[in-house]
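Below is one structure, written out as structure tokens; the observations come after it.
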Amino acid sequence: MEDEFYRIKRLPPYVIAEVNAMRHAARQAGKDIIDLGMGNPDLPPPAHVIDKLCEVARKEDAHGYSASSGIPGIRKAQANYYGRRFNVDLDPETEVVMTMGSKEGLASLATAITAPGDVVLAPNPSYPIHTFGFIIAGATIRSVPTTPDERYWESLNRAMAFTVPRPSILIVNYPSNPTAETVDLAFYERLVAWAKENKVWILSDLAYSELYFDGNPTRSILEVPGAKDVAVEFTSMSKTFSMAGWRVGFAVGNPKLIAALKRVKSYLDYGAFTPIQAAACAALNGPQDIVEKNRNLYQKRRDVMVEAFGRAGWDIPSPKASMFAWAPLPPALKDMGSLEFSKQLLTHAEVAVAPGVGYGEDGEGFVRIAMVENEQRLRQAARNIKRYLASMGVNTPAG
């Protein structure tokens, strides 16, 4: 027998898990760890959504198998959301499928459309499922930059010119996890034209569609005329409605890709629990004030974090969107590397962050900071970090 299974051999140890294990051990030892590592919302879902969950769960006929692609009501609700938010028309029957969060949707679609040896273009750094979902399916990954500048386009064109076999799929994720970078509609227009010219499918991860700041709404690739010819887009209710543990997401767009995803999912699952789907409908169809409230709260946290960490001696670029900041290591500690810096921060400042190298080799030199603690805790984290930096001989501002 082989010592290790084929797909397991293709999955390296999860770097971020090392920091997570240290965090768990520290908490077990009674330490007050300020956890800015995992993007796990600390806010509750809207009250009317929980009420709907309870109401439907009390029905005797609500506990059987559900629909793998989502009940008709939730697919219609998602189509209506795209119409309101992006002015995009979607057919709930052929262009919308519910997923168990965007992560599962991406992995299931990878299984559906990827053959062993296919080449997939994925950003580096990126959220792990953007690469490993396809690696599990047998694909080969060719990295492209995350930053959407001219180097990005040069990388795409080199990949098409020099890769054998030619890449057939491109992953995009804006607002980016982990870098929080954003793009405008002109970027998507150029991308759709490129994909049509090169016969490449585009999978767009728009999980942070509603967490945008400073009055600059995120855009959808499907706003581009003809985008549905080559693209599908994934969204999630995890961050928008603070429903991360509910595992509700969607894929929308190209009917051929949606049909492939539906077919694979019909073999893998029976869909989310029906009361959860009904409650998700209530979220999408009901009052949307909670969305703006959450957005404003994260923006205030962003401003507090950037200001407080800056006073502590760690300058962090202010993110334009998402619930993350992508922070370069303090210059004096850059040689330490992101994993060791994250360990040091956890041990000596009692602050957990995610090492950038866990998101790809181009993430080295950075850490991802999740804005999932309240403003008071963010200021406490800054004070702890200031003491740590001072202990390392890093000059910190007065005050």
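The values are calculated or read from the model by the stated rules, or taken from the named source; none is laboratory data. Predicted, not measured: the structure shown is a model, and the values here were computed from it. In this analysis, Cβ positions are derived from the backbone assuming ideal geometry, glycine residues included, and neighbour counts consider all displayed protein chains. Each accessible area value is taken on the protein alone, full model and side chains, heavy atoms only, with ligands, DNA and RNA left out. Shrake-Rupley method; radii C 1.70, N 1.55, O 1.52, S 1.80 Å.
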With springs only between Cα atoms under 10 Å apart, run a GNM on the chain and tell me which of Arg158, Arg295, Arg387 wobbles the most. Arg158
Net length gained if the chain between Ile50 and Tyr65 were fully extended (0.36 nm per residue, minus Cα distance): 3.3 nm
Can you give me the distance in nm between label points at Ala21 and Asn198, each placed 7 Å from the Cα along the Cα-to-Cβ direction? 3.8
Could you order the peptides 197-204, 275-282, 81-88 from most to least packed, using the average number of other C-beta atoms within 10 Å per residue? 275-282, 197-204, 81-88
Could you give the dipole magnitude of the chain about its Cα centre, charging the beta-carbon of Lys and Arg +1 and that of Asp and Glu -1, in debye to the nearest 20? 320
Only Lys, Arg (+1) and Asp, Glu (-1) charged, at Cβ; segment 29-145 dipole about Cα centre in debye: 160
If I ignore ligands, DNA and RNA and count only protein heavy atoms, how much of Met100 is accessible to a 1.4 Å probe, in Å² to the nearest 10? 50
Run through segment 1-97 and list the GluC sites (Glu not before Pro) located in a DSSP loop whose Cβ has at most 12 other Cβ atoms within 10 Å. Glu2, Glu4
7 Å from Cα along Cα→Cβ at both Lys300 and Leu185: what's the point-to-point distance in nm? 3.2
Which of Ala47, Ala193, Ala308 moves the most in a Gaussian network model of the chain with Cα springs under 10 Å? Ala47
May I ask you to list the lysines whose Cα is less than 16 Å away from that of Lys196, ignoring any residue fewer than eight positions away on the same chain? Lys228, Lys256
Give the relative contact order (percent, whole number) for the chain; include only Cα pairs under 8 Å separated by 6+ residues. 24
If the chain between Thr147 and Ser391 were fully stretched, how many nm would it gain, using 0.36 nm times the residue separation less the Cα-Cα distance? 84.4 nm
Taking N as the residue count of the chain, its alpha carbon Rg divided by 2.2 N^0.38 Å gives 1.00
With the Cα gyration tensor of segment 64-221 giving a ≥ b ≥ c as the square roots of its eigenvalues, does the rule (a/c under 1.5 for rounded; else a/b larger than b/c for prolate; else oblate) give rounded, prolate or oblate? oblate
Stretched out fully, how many nm does the piece from Asp214 to Arg263 gain, at 0.36 nm a residue minus the Cα gap? 13.6 nm
Set Lys199/Lys334; Lys76/Lys103; Lys31/Lys320 screened for pairs whose C-alpha atoms are more than 31 Å apart: Lys199/Lys334; Lys31/Lys320
To check you understand DSSP bridge types, tell me what percent of the beta bridges within the chain (both residues inside) are antiparallel, rounded to 5. 45
Among the GluC sites (Glu not before Pro) in segment 198-239, which ones are in a DSSP loop with at most 13 other Cβ atoms within 10 Å of the Cβ? Mind listing them? none
Ranking Arg75, Arg379 from most to least accessible area with a 1.4 Å probe gives Arg379, Arg75
Leaving out ligands, DNA and RNA but keeping every protein chain, what accessible area does Ser68 have, in Å² rounded to the nearest 10, with a 1.4 Å probe? 30
Using Stokes-Einstein with the Kirkwood hydrodynamic radius over Cα pairs, what translational diffusion coefficient do you get for segment 188-265 at 10 °C and a viscosity of 1.306 mPa s, in µm²/s rounded to a whole number? 117
Per DSSP H run of at least 4 residues, take -39500 (n - 2.57); add these up for the chain, divide by its residues and hand me the 222 nm value, nearest 500 deg cm²/dmol. -13000 deg cm²/dmol
Can you pull the accessible area of Met38 for me, 1.4 Å probe, Å² to the nearest 10? 110
Say a paramagnetic label sat at a point 7 Å from the Cα of Asp89, along Cα to Cβ; which residues of segment 248-285 have their backbone N under 17 Å from it? 253-255
